[in-house]
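Q: Sharing a structure below in structure tokens format, with a few things to ask.
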């Protein structure tokens with residue numbers, strides 16, 4: 001998949017050949033299962049590489065920088081096994097590509113639809129993703145079970161921003177961050193958030209190679 005390797009180079013994300021091969025395998029398995037289980041509406045190799053793989057990997061530099069900054073940019077933080085929850089994981093996006101790219105981080109994929117978590121469990125076993133756990137449960141229930149457990153929470157178009165932050169809050173450590181992937185300008189949603197509760201840390205535009213689409217990675221922290 002030269003589109004994938006070219007796209008990674010365009011994003012300035014360097015991955016070992018084994019990780020690139022795993023990303024390709026993930027996409028093949030997603031397409032295979034999708035024929036039966038309807039896991040995603042995005043099909044076709046070009047769209048899948050861009051809107052699944054590269055869209056997920058494109059946020060990695062922003063997430064890495066924000067987590068390091070939160071920890072004070074020390075060398076120990078750079079090696080930290082961050083714990084990250086992906087709410088409403090669906091077919092494993094963005095968590096599976098991120099877990100492949102960052103095997104030292106630990107990801108909990110939370111999804112209530114059993115056909116989707118069956119696919120995720122299949123992937124975990126087939127690809128030996130030892131840094132991934134799959135939780136078949138409602139986000140609200142997982143938040144109670146894993147209260148204060150995570151360094152970060154991520155999601156891709158899970159729900160509106162206010163609801164996402166409300167659902168994400170129980171998962172966070174006191175210094176935890178919330179990363180929201182948004183496909184359009186969300187100024188109105190941001191302005192409606194309770195300023196005494198949440199602080200917008202960064203609003204990073206995210207560019208996809210060879211795609212004229214608007215993306216934003218929003219980073220939020222709790223005010224204490």
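Q: Across the stretch 166-182, which residue is surrounded by the most Cβ atoms within 10 Å (Cβ to Cβ) among those that are more than 14 Å from the chain's Cα centre (by Cα) and over 17 Å from residue 144 (Cβ atoms)?
A: Of all residues in the stretch 166-182, those more than 14 Å from the chain's Cα centre (by Cα) come to 166-167, 169-176.
If we keep only those that are over 17 Å from residue 144 (Cβ atoms) too, we end up with 174-175.
On the way: 174: 8, 175: 13.
Looking at the filtered set, the residue picked out is 175.
Q: Let me ask something else about it. Taking the stated definitions as given, is residue 62 crowded, with 16+ Cβ neighbours inside 10 Å, modelled with pLDDT of 90 or more and touching a strand residue (DSSP E or B) at 6+ places or on another chain (Cβ under 6 Å)? Before you say what the answer is, go through the steps one by one.
A: Numbers: crowded, with 16+ Cβ neighbours inside 10 Å: yes; modelled with pLDDT of 90 or more: yes; touching a strand residue (DSSP E or B) at 6+ places or on another chain (Cβ under 6 Å): yes.
Criteria met by residue 62.
Q: Scan the stretch 4-59 residue by residue and report those that are part of a loop (DSSP other than H, G, I, E, B), at pLDDT 90 or above and out of contact with any strand residue (DSSP E or B) (no Cβ under 6 Å at 6 or more places or on another chain).
A: Within the stretch 4-59, 12, 13, 14, 15, 16, 58 meet the criteria.
Q: Restricting the stretch 134-186 to residues that are out of contact with any strand residue (DSSP E or B) (no Cβ under 8 Å at 6 or more places or on another chain) and under 24 Å from residue 119 (Cα atoms), which is modelled with the lowest pLDDT?
A: Among residues in the stretch 134-186 that are out of contact with any strand residue (DSSP E or B) (no Cβ under 8 Å at 6 or more places or on another chain) and under 24 Å from residue 119 (Cα atoms), the one modelled with the lowest pLDDT is 159.
Q: Condition test on residue 155, is it closer than 20 Å to residue 83 by Cβ, touching a residue at least 24 places away in the same chain (Cβ under 8 Å) and surrounded by fewer than 16 Cβ atoms within 10 Å (Cβ to Cβ)?
A: Numbers: closer than 20 Å to residue 83 by Cβ: yes; touching a residue at least 24 places away in the same chain (Cβ under 8 Å): yes; surrounded by fewer than 16 Cβ atoms within 10 Å (Cβ to Cβ): no.
Against the criterion (closer than 20 Å to residue 83 by Cβ, touching a residue at least 24 places away in the same chain (Cβ under 8 Å) and surrounded by fewer than 16 Cβ atoms within 10 Å (Cβ to Cβ)), residue 155 does not qualify.
The values are calculated or read from the model by the stated rules, or taken from the named source; none is laboratory data. As the structure is a computational prediction, the values presented were derived from the model and not from experiment. For neighbour counting, all protein chains shown are included, and Cβ atoms are generated from backbone atoms with ideal geometry for every residue, glycine included.
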